[in-house]
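Report on the following structure.
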Amino acid sequence: MSQPSVTLQLLQERFASVIREVHSLHGDDTVVVEPGANLEVLQFCRDEPRLAYNVLVDLTCVDYLDYPDREGQPRFEVVYHLYSLEHNHRVRIKCPVAAEDPTVATVVELWPIADWLEREAWDMFGVNFAGHPDMRRILMYEEFEGHPLRKDYSISRRQPLVGPKN
Amino acid sequence: MGVEKALEGGILLSRLDHVIGWARKYSIFQYPFVTACCGMEYMSTACSHYDIDRFGAGLPRFSPRQADVLFVVGTISHKLAPVLVKIYEQMCEPKWVVAFGVCTVSGGFYNNYATVQGIDTMIPVDLYIPGCPPRPETVLHGLMMLQEKIQHEKQEVLPGQVRT
């Protein structure tokens, strides 16, 4: 096993108390942080010169409803993929979100692109981003009810604006 | 009523129908409602290699008010469906609708929360062109079938008449 990457070393040093888990399968650095800790970790990732994660490549969500071996764990995970143009390295940061109050802090202030990505995560999964400047649906229409990529959204449910419910 | 009243004699009537049908089938002004990958095949068909102008359909109009045939090319989502219906309603009679590609025919392989399962759930369709996407040859075959249909239709020419 080679040395952990600069990213994992720095994050583990500084955020030992809020990091739940770290792994690096085939060099894919992944950090799972405590609920609510996403903003400070991400802020550090962007501003620390040795990390300099200046690109938010992707922001998405996973619904672990009925997922095997996850009893007692939060239902959702918000996933951030970061990339540094300067150092050419990447990291994946996951933040668990409870089903009862699916809210995490917005990162629009750090990367403006998060505006639309967070709107998509809200639209598809119903995860709210506290502090987002313009939180509304981005893909589905306003009349749409529910969040279609949630695992409990029925696969056959249809909500057409015109025409039959085929 | 209509043409029958304006003219005398049955033979002339059917010949006029024929002539109008001939004129209409060779002056198809299309409105391309292009939403997805089928648009690539549509463009291929419309450009010089396959030369859709041979069939008198070489002038796409980008206003539905100037178009005769609505080409619905590509997947239609529920969000977009009201727009498609509005475009259709804005077209003047006589008008025809072509469902281009399996997504418009039946939803294709998209059977999910977002996709309309065939545009014929919302607007009448005159011609279905299957394929994912259809090759230009298929499109041209479909276009010729549409011409056949236009030629043999009852042609209404006076105001106030409605196609049945």
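Using the beta-carbon distance between residue A:89 and residue A:139 and R0 = 25 Å, what value does 1/(1 + (r/R0)^6) give for FRET efficiency, to the nearest 0.05?
Details: r = 31 Å, r/R0 = 1.24.
E between residue A:89 and residue A:139, to the nearest 0.05, is 0.20.
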- [ ] Count, for each residue of B:111-118, the Cβ atoms from other chains sitting within 10 Å of its Cβ, then give me the mean as a whole number.
- [x] 6
- [ ] Under 12 Å from a label point 7 Å along Cα→Cβ of residue A:6: give me every residue in the stretch A:88-105 with its amide N that close.
- [x] A:88-90
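With only alpha-carbon pairs counted, each pair once and no self-pairs, how large is the Kirkwood hydrodynamic radius of the stretch A:1-133 in angstroms? Let's see the in-between values first.
Numbers: mean 1/r = 0.0662 Å⁻¹.
This gives a value of 15.1 Å.
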Task: At most 16 other Cβ within 10 Å, DSSP loop - trypsin sites (Lys or Arg not before Pro), the stretch A:22-104 - done: A:50, A:70
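First measure r as the distance between the Cβ atoms of residue A:43 and residue A:99, then evaluate 1/(1 + (r/R0)^6) with R0 = 22 Å and state the FRET efficiency to the nearest 0.05. Each step should come with its number before you reach the end.
Values: r = 26 Å, r/R0 = 1.19.
E between residue A:43 and residue A:99, to the nearest 0.05, is 0.25.
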Task: Shielding score for B:78-89, defined as the mean number of other chain Cβ atoms within 10 Å - done: 3
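Between residue B:47 and residue B:152, what FRET efficiency follows from the Cβ-Cβ distance if R0 is 30 Å, with the result rounded to 0.05? Can you show the working numbers first?
Numbers: r = 30 Å, r/R0 = 0.98.
With a Förster radius of 30 Å, E is 0.50.
To one decimal place, what Kirkwood hydrodynamic radius in Å is obtained for the protein assembly as shown from all pairs of distinct Cα atoms?
On the way: mean 1/r = 0.0415 Å⁻¹.
About 24.1 Å for the protein assembly as shown.
When Lys and Arg each count +1 and Asp and Glu each count -1, what net charge do the other residues less than 15 Å away from residue A:132, Cβ to Cβ, add up to? Present the calculation step by step, with values, prior to reporting the outcome.
On the way: positive: A:119, A:136, A:137; negative: A:109, A:115, A:118, A:120, A:123, A:134.
Here the charged neighbours net out to -3.
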- [ ] Identify all lysines with a Cα-Cα distance to residue A:165 below 28 Å; exclude those on the same chain that are fewer than 8 residues away in sequence.
- [x] A:151, B:79, B:86, B:95
TODO: Just the number, please: percent antiparallel of the DSSP beta bridges in the stretch A:6-130, rounded to the nearest 5.
DONE: 80 percent
- [ ] Tell me, rounded to the nearest percent, the portion of alpha carbon pairs in the stretch B:30-150 spaced more than 17 Å apart.
- [x] 51 percent
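So what is the calculated 222 nm ellipticity per residue for chain A, using -39500 (n - 2.57) for each DSSP H run with n of 4 or more, over all residues, to the nearest 500 deg cm²/dmol?
Working: 3 runs with 31 residues, N = 166.
Result for chain A: -5500 deg cm²/dmol, rounded to the nearest 500.
At most 14 other C-beta atoms within 10 Å and a DSSP loop state: those are the exposed GluC sites (Glu not before Pro) I care about. Give me the longest piece of chain A that has none. Don't jump to the answer; show the numbers that get you there.
On the way: sites that count: A:71, A:86, A:100, A:109, A:142, A:143, A:145.
Longest site-free region, per DSSP loop and neighbour criteria: A:1-70.
Each reported figure results from applying straightforward, stated rules to the coordinates on display, with no laboratory input. None of the values given here were measured: they were computed from a predicted structure. Don't worry about glycine lacking a Cβ; one is built from the backbone with ideal geometry, like all the others, and counts go over all protein chains shown.
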